[in-house]
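Enquirer: Please read through the structure below; I'll follow up with questions.
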Amino acid sequence: MTDHVRVSDNGAVMEIIWSRAEKRNALSNPMYRAATAALNRACADGTIRAVIVGSDSGNFTSGNDLADFAAAASGGEPPAAWAFIEAIAQFPKPLIAAVPGLAVGVGTTMLLHCDLVFVAHDARLTTPFVNLALAPEAASSLLLPACIGHQRAFAMFALGEALSGDQAAAMGLANAAMPAAAVLGAAREAAGRLAKLAPGAVASTKRLMRQRETILTHMQTEGAVFAERLASAEAMEAFTAFQMKRPADFSQF
């Protein structure tokens, strides 16, 4: 698996903790596979009543490891992100996020599939897909506008504008904003409360609130567009520019 994801069972609560501080918790293919395996185990294990996704550093995640995306664009291993995104979209038990800081790309879009979200006041949530010549994923082009409105969502997707934790809470993307040191504790407290409730009633409530088939269908549409964008010359220019630490030049397109 990988040392960059710590998975632990604390009674009826599983914790999936990103632990790659030197890369601001950029999510690599091995990290995605480890998290997906943990979610699948939690789904099958009747003793697990809730799952927390968090971080052991000041950042939640800086998003996908662009080295993996660049390799996929050149014909290498396909991104393991897709299986993870499908797992969180279909996860039947309460999923709780603890976001202490930076949440880029999938770091923000995965929150749309969480049932409770606790963020730091000064967390920075961004979805700069267009900056990388890509397109939204994880059904975020459906779910984010539904949550915060079309105009704000478009500004996040196309202009790369950020939301603070306070703004995310005010707009309904998070339950509460608090000091960074408190977010994991808040998630644990909520998970503990959920674990004591009737599991069938909790699962039924979540199932009724989520338009699962609509979300999965939209994810498939996004996935096809994303794959097309990932293989584009525009994306290759964006990845090359990132690796060379220079601005991308899209004037040639």
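Every number here is computed from the coordinates shown, using simple stated rules; none is lab data. Everything numeric in this text was worked out from a predicted model, so none of it was measured. So basically every Cβ, Gly included, is an ideal-geometry build from the backbone, and we count neighbours across all protein chains shown.
Enquirer: Provide the descending list of Cα extents for segment 111-207 along its principal axes, expressed in whole angstroms.
Expert: 44, 31, 21
Enquirer: Right, next: Output needed for segment 42-94: three equivalent-ellipsoid semi-axes, defined as square roots of 5 times the C-alpha gyration tensor eigenvalues, in descending order, whole Å.
Expert: Semi-axes (√(5λ), whole Å): 27, 17, 7.
Enquirer: Grab the other residues whose beta carbon is less than 13 angstrom from that of Ala139, score K and R as +1, D and E as -1, and report the net.
Expert: Details: positive: Arg210, Arg212; negative: Glu86, Glu137, Glu213, Glu222.
Spelling it out: positives minus negatives among the neighbours equals -2.
Enquirer: Mind listing the long-range amide H neighbours of Ser55? Cut-off is under 5 Å, sequence gap 5 or more, other chains count too, H placed in the peptide plane at 1.01 Å from N.
Expert: So Ser55 has HN proximity to Trp18.
Enquirer: OK, next. Of the residues Ala231, Ala135, Ala201, which exhibits the maximal mean-square fluctuation in a Gaussian network model of the chain defined by a 10 Å Cα contact cut-off?
Expert: Of Ala231, Ala135, Ala201, the most mobile in the Gaussian network model is Ala201.
Enquirer: Net charge near Ala195, counting Lys/Arg +1 and Asp/Glu -1 over other residues with Cβ under 12 Å of its Cβ?
Expert: Numbers: positive: Arg49, Lys93, Arg188, Arg193, Lys196; negative: Asp9, Glu189.
Computed value for this residue: +3.
Enquirer: Shifting gears a bit: Calculate, in whole percent, how much of the Cα-Cα pair population of segment 5-180 lies beyond 22 Å. Walk me through the numbers on the way to the answer.
Expert: Working: 6196 of 15400 pairs.
Here the long-distance tail beyond 22 Å is 40 percent of all Cα pairs in segment 5-180.
Enquirer: Right, here's the next one. Quick one: Met31, Met219, Met236, Met156, fewest Cβ neighbours within 10 Å first, how do they rank? It would help to have the intermediate numbers written out before the result.
Expert: Details: Met31 28, Met219 21, Met236 15, Met156 24.
Ordered by Cβ neighbours within 10 Å, fewest first: Met236, Met219, Met156, Met31.
Enquirer: For segment 1-103, what is the percent of antiparallel DSSP beta bridges, rounded to the nearest 5?
Expert: Antiparallel bridges make up about 35 percent of those DSSP assigns within segment 1-103.
Enquirer: If you rank Asp65, Asp166 by fewest surrounding Cβ atoms within 10 Å, what's the result?
Expert: Asp166, Asp65
Enquirer: Using amide H atoms built 1.01 Å from N in the peptide plane, name the residues 5+ places from Met178, or on other chains, whose amide H lies under 5 Å from its own.
Expert: Amide H to amide H, under 5 Å and 5 or more residues apart or across chains, Met178 pairs with Val119, Ala120, His121.
Enquirer: Could you tell me what a quarter of the Cα convex hull surface of segment 202-253 works out to, in nm² with one decimal place? Please report the intermediate quantities before stating the final value.
Expert: On the way: hull surface 23.4 nm².
With every direction weighted equally, the projected area is 5.8 nm².
Enquirer: Student exercise: in the chain, how many lysine pairs 8 or more apart or on different chains have Cα atoms under 25 Å apart?
Expert: Summing the qualifying lysine pairs gives 4.
Enquirer: When the Karplus curve 6.51 cos²θ - 1.76 cosθ + 1.60 is applied with θ = phi - 60°, which whole-Hz ³J(HN,Hα) does each residue of segment 80-93 get, with x for Gly and Pro?
Expert: Result, ordered by residue: 7, 4, 4, 5, 5, 4, 5, 5, 6, 5, 9, 5, x, 9 Hz.
Enquirer: For the chain, what proportion of DSSP beta bridges, expressed in % and rounded to the nearest 5, is antiparallel? Present the calculation step by step, with values, prior to reporting the outcome.
Expert: Working: 8 of 28 bridges.
Looking only at bridges with both residues in the chain, the antiparallel portion is about 30 percent.
Enquirer: Ok, one more. With Cβ to Cβ distances under 15 Å as the rule, what net charge do the other residues near Glu237 carry (K, R +1; D, E -1)?
Expert: Charge balance near Glu237 sits at +1.
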